[in-house]
1. Report, by chain and number, residues whose modeled amide H sits under 5 Å from the one on HIS126, excluding near sequence neighbours (fewer than 5 apart, same chain).
2. Across the range 7-56, what fraction of all alpha-carbon pairs, as a whole percent, falls in each successive 10 Å bin from zero upward?
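Derivation of every value follows stated rules applied to the coordinates shown; laboratory data play no part. It should be emphasised that the depicted structure is a prediction, and the values quoted were computed from it without experimental measurement.
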Amino acid sequence: MCQLMGVSRSAYYDYVRRTDNYSEKQCHEEILETVRGIANSSNHSYGSRRIVKALNALGYPVGRWKARSLMREAGVQFKHRKKYKVTSNSNHKQERIHWRHYQTRYAAQQDVLHYISMFYNSHRLHSVLEYKSPNQYELETKMLKKVA
């Protein structure tokens with residue numbers, strides 16, 4: 001085929017290598033952007049386990065170690081947790097309050113209410129619910145009941 005096209009074999013394989021690397025780089029950048037989006041939508045409260053579950057649900061088959069690497073590259077809260085030796089768990093104080101500074105008690109109350117009602121009770125991935133959000137878990141449960 002190379003002879004027919006008038007191209008040397010080494011030039012062809014060099015081209016293939018460059019295009020493969022380019023597409024890998026594009027894919028990597030896409031996943032990084034997705035990690036940033038997940039981190040932002042969770043108000044930087046997700047650790048590597050939840051990031052993995054969210055990425056897998058979005059069609060990115062990554063493991064926990066890859067997720068940690070991506071989180072480091074995206075500069076998300078994982079770096080801060082490591083720096084301050086905070087362990088990752090579902091405790092609200094660890095996930096939210098510890099990282100914020102409130103001007104007033106009222107501002108703190110409003111933030112906690114917003115976090116619980118708008119994120120924690122509806123969108124946060126819960127390990128008890130097989131890393132699904134309460135909304136997703138409820139929808140799947142209703143679908144299963146209709147089928148049964």
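1. TYR131, LYS132, SER133
2. Per 10 Å bin, starting at 0, the Cα pair percentages come out as 23, 32, 19, 15, 9, 1.
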